[in-house]
Amino acid sequence: MEQKRILIIDDESTFTRMVRINLEQTKRYVVREENRALHALASAHEFKPDLILLDVIMPGADGGEIASRIRADNALKHVPVVFLTATVSRHEAADGKFTGGYLFLPKPVSLKALVECMENVLAAKKHEQTQAEVKKPAA
Amino acid sequence: MMPSPKPYLPSTPGLRVLLTEDCSADALLLETLLGTGCAVTRVSTLAEGIAACNQAQFDLVLLDLFLTDSRGLDTLRQFQSLHPELPILVMSGLDDEQIAAAAVHEGAQDYLVKGQMDEVLLHRAMRYAIERKSAERALRESEAFYQSLVENLPQYIYRKDLQGLFTFANRRFCTQLGKTLAEVVGRSDGDFFPPELAQKYQADDQQVLTSGKLFETTEEHTPPGGEKEYVQVVKSPVFDSQGRTVGTQGIFWDVTARVRGEDKLKKAHADLARSREDLLRTLADLQRSHGKIKEAQLQVIEMEKMHTIGQMAAGIAHEVKNPLAVIRMGVDFFSNSPDAGTEPAATIIRDMQDALHRADSIIMGLLDFSTPGKVELRPADLNMLLRSSLNLVRHELKAPLITVRTELCENLPPVLVDANKIKQVFVNVLTNAAHAMPEGGTLTVRTYIKKLTPAEAKTSPGARQSHEFRAGERVLVTEVDDTGTGISEDKLDRVFEPFFTTKETGKGTGLGLTVTRKIVELHAGSIHIQNLPERGARATITLRTERG
């Protein structure tokens with residue numbers, strides 16, 4: 001089974017480590033941690049993730065800015081981004097709201113909820129790509 | 001035989017008597033009758049008598065009217081004109097008693113007939129003569145005294161008879177009328193005053209005569225071209241010695257200055273009363289303003305406090321959520337380990353998960369509290385929201401067993417709410433009710449519509465509302481009753497304060513009702529908590545209908 005590449009950008013290194021260990025234990029993911037917000041794009045270019053988990057409030061640059069730059073980057077704009085945030089309230093989280101086209105997950109998130117969310121997003125992305133290929137005219 | 005008693009002899013010892021008698025025999029007899037107790041000076045002529053009086057003091061004169069240098073009443077007149085202060089006892093012969101009587105009429109105190117008097121009679125006549133003279137003097141002095149009073153007092157004084165004719169008027173009154181006393185006496189008011197005024201005076205007199213009582217009034221007069229003047233009038237009946245009313249008398253005086261002074265005083269008093277009322281009104285306004293300012297100040301302080309707590313809560317929430325996220329991932333890691341299903345690891349992991357859940361709930365509460373946000377009001381079915389909320393708390397109602405009773409009024413108009421936020425309110429209130437019954441009990445949920453009375457429209461203690469309801473407004477009411485222990489009265493006012501909880505440690509964050517109230521206020525509604533008479537407590541949430 002193809003392992004998905006997950007880039008987690010968060011200034012909390014203990015959290016990124018925990019996520020990495022948990023996800024990699026499933027054998028379904030390869031995880032790279034990036035704790036420096038300013039290196040987020042460079043890491044993404046280098047790692048070429050299938051999905052990015054992004055913190056909202058970080059020193060140097062906030063998650064919103066980084067997400068905008070990813071969207072503006074041709075090499076990265078197709079990579080889905082899921083926000084992990086400590087600022088979202090109960091109802092905002094419960095509704096699983098998309099803000100600006102992004103999905104937000106509240107901290108502390110359970111591994112189960114995180115994996116489910118990631119799988120859904122990845123499945124949706126795959127479906128999107130498949131649809132795009134079907135529509136593409138034969139060369 | 002007992003001696004006959006000595007006749008009573010009026011005591012006249014030391015009396016200085018001038019005996020004017022030209023007949024030696026008569027004089028001798030009189031001296032004998034006068035006795036040695038009196039100091040007698042004897043003269044034979046009127047001239048000698050007058051001379052003696054000029055030289056010495058006498059208490060009495062015994063005067064024979066027929067002397068060698070004067071005869072008859074002339075003797076008395078001459079003596080009197082020169083010494084009017086002396087009492088005179090005239091002595092006459094049998095043939096001239098008539099003249100003696102005339103002398104008494106002219107001012108002699110008495111007369112004695114020679115040859116018909118004895119010692120007792122003489123002394124008694126002398127004493128009476130002295131006393132009568134003294135009484136006459138006192139009367140004259142008294143008359144002079146009253147005359148002086150009547151004529152010199154600054155009052156107008158008069159008397160009238162039963163027909164209303166003046167019998168007396170003092171000088172001041174006469175001067176005012178511009179008449180002499182002779183011109184006043186015998187005239188009536190009609191002769192001096194305009195008919196209307198005269199008529200009034202006569203009516204007043206009549207009242208005095210009829211009632212027999214004192215009549216007192218203040219009369220007003222406005223002289224042509226002048227200012228109003230005031231006269232104080234006192235009238236009283238005049239009685240004769242038999243007590244019969246024989247007329248009226250009056251005294252009056254100008255009180256214009258006094259009345260004007262009183263008027264000024266009354267005006268000043270009225271002004272003062274008005275000023276006082278104005279002052280009291282101003283004071284009341286000030287007190288009201290002060291009350292409002294105080295209330296506003298308290299609200300500002302409350303808002304500031306809430307804002308500060310909110311900011312702090314948001315900061316704490318953010319800082320705590322990250323370490324919680326780490327722990328959560330750690331617990332999840334151990335949950336997936338091979339030993340996770342065996343004891344005691346399974347219990348430890350479960351306890352850690354519970355602790356995490358609790359910590360997360362507290363943080364969520366803080367975030368809810370710090371981000372009241374906005375409400376998106378839409379019409380909703382109140383009963384449906386309640387049923388949905390009951391479903392969310394069903395796990396709280398299972399152990400211990402709590403019986404749920406619903407008394408939901410059907411056909412309620414839509415309530416205007418942010419459904420998710422109001423569900424949070426209901427969940428909070430229902431959870432509190434469930435927690436209040438640790439031994440189980442009955443939870444009653446009730447809805448109804450009502451029209452607010454003026455008393456209900458006012459904010460009641462324990463209730464908080466951002467927008468006051470109007471009397472007569474139709475509102476939707478939700479009541480949640482429990483059969484728990486209730487809330488002690490001293491804590492009832494504090495249940496909405498942040499971080500205040502009556503629950504045991506670990507059971508409540510102390511933010512539930514604070515957030516609940518905040519959300520209700522965002523809906524311009526109200527919430528209040530009260531103890532029920534028998535047992536338990538009631539939360540009453542009042543919301544507006546779609547039409548408001």
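None of the figures in this text is laboratory data; all of them are computed from the coordinates on show. All values reported here derive from a predicted model rather than from experimental measurement. Here Cβ is always computed from backbone atoms with ideal geometry, including for glycine, and neighbour counts include all displayed protein chains.
Non-local lysine pairs in segment B:153-254, meaning eight or more places apart or on different chains, with alpha-carbon distances under 20 Å, amount to 8.
Kirkwood analysis of chain A, using all unique Cα-Cα pairs, places the hydrodynamic radius at 15.5 Å. Taken as Cα centroids, segment B:251-289 and segment B:162-188 sit 43 Å apart, rounded to the nearest whole angstrom. To the nearest 0.05, what FRET efficiency results for B:Ala182 and B:Ala51 with a Förster distance of 60 Å applied to their C-beta separation? Working from the Cβ atoms, E equals 0.90. The charge dipole of segment B:121-227, taken about its Cα centre with unit charges on the Cβ of Lys, Arg, Asp and Glu (plus for the first two, minus for the last two), comes to roughly 900 debye.
Take the Cα of B:Asp271, go 7 Å toward its beta carbon, and the backbone nitrogen atoms of segment B:235-260 under 18 Å from that spot belong to B:259-260.
Projecting the Cα atoms of B:Ile527, B:Gly243, B:Leu63 onto the charge dipole of chain B, computed from C-beta unit charges around the Cα centre, puts B:Ile527 farthest toward the positive end. DSSP finds beta bridges in the protein assembly as shown, and of those with both partners inside it, around 55 percent are antiparallel. Computed from the Cβ-Cβ distance with R0 of 25 Å, the FRET efficiency linking B:His357 to B:Lys491 stands at 0.35.
Under the criterion of Cα pairs below 8 Å and six or more residues apart, the relative contact order for segment B:243-375 equals 30 percent.
For segment B:263-341, dividing the convex hull volume of the Cα atoms by the residue count gives 80 Å³ per residue.
The convex hull drawn around the Cα atoms of segment B:374-544, when projected onto a plane and averaged over every direction, covers 9.4 nm². Within segment B:153-254, the percentage of alpha carbon pairs spaced more than 16 angstrom apart rounds to 58%. Among beta bridges from DSSP that stay inside chain B, the antiparallel ones total about 70%.
Dividing the helix sum by the residues of chain A, where each DSSP H run of 4 or more adds -39500 (n - 2.57), gives a mean residue ellipticity at 222 nm of -13500 deg cm²/dmol. Each 10 Å bin from 0 upward holds the following percent of the Cα-Cα pairs of the protein assembly as shown: 2, 10, 12, 10, 9, 7, 4, 3, 4, 5, 5, 5, 7, 6, 4, 3, 3, 1, 0, 0, 0. Can you give the FRET efficiency to the nearest 0.05 for B:Thr245 and B:Asp285, using r as the Cβ-Cβ distance and R₀ = 41 Å? E between B:Thr245 and B:Asp285, to the nearest 0.05, is 0.05.
The helix-based estimate of mean residue ellipticity at 222 nm for chain B, built from -39,500 (n - 2.57) per DSSP H run of four or more residues and divided by its residue count, is -16000 deg cm²/dmol to the nearest 500.
For chain B, the extents of the C-alpha atoms along the principal axes are 181, 72, 46 Å, listed from largest to smallest. In this rough spin-label picture, where each label sits 7 Å from Cα along the Cβ direction, the B:Thr68-B:Arg171 distance is 4.9 nm.
Magnitude of the charge dipole for segment B:16-150, about its Cα centre and with charges confined to Cβ atoms of Lys, Arg (+1) and Asp, Glu (-1), is about 380 debye.
The mean count of C-beta atoms from other chains within 10 Å of the C-beta of residues in B:318-324, rounded to a whole number, is 6. What the pair-distance distribution of segment B:16-150 shows, using all Cα-Cα distances binned every 10 Å from zero, is 12, 45, 32, 8, 3, 0 percent.
So what's the angle, to the nearest 10 degrees on a 0 to 90 scale, between helix A:63-72 and the longest Cα principal axis of chain A? With both axes taken from Cα atoms, the answer is about 20 degrees. The count of lysine pairs in chain A with alpha-carbon distances below 21 Å, taking only pairs 8 or more places apart or on different chains, stands at 27. As a length-normalised measure over Cα pairs under 8 Å and 6 or more apart, the relative contact order of chain B settles at 7 percent.
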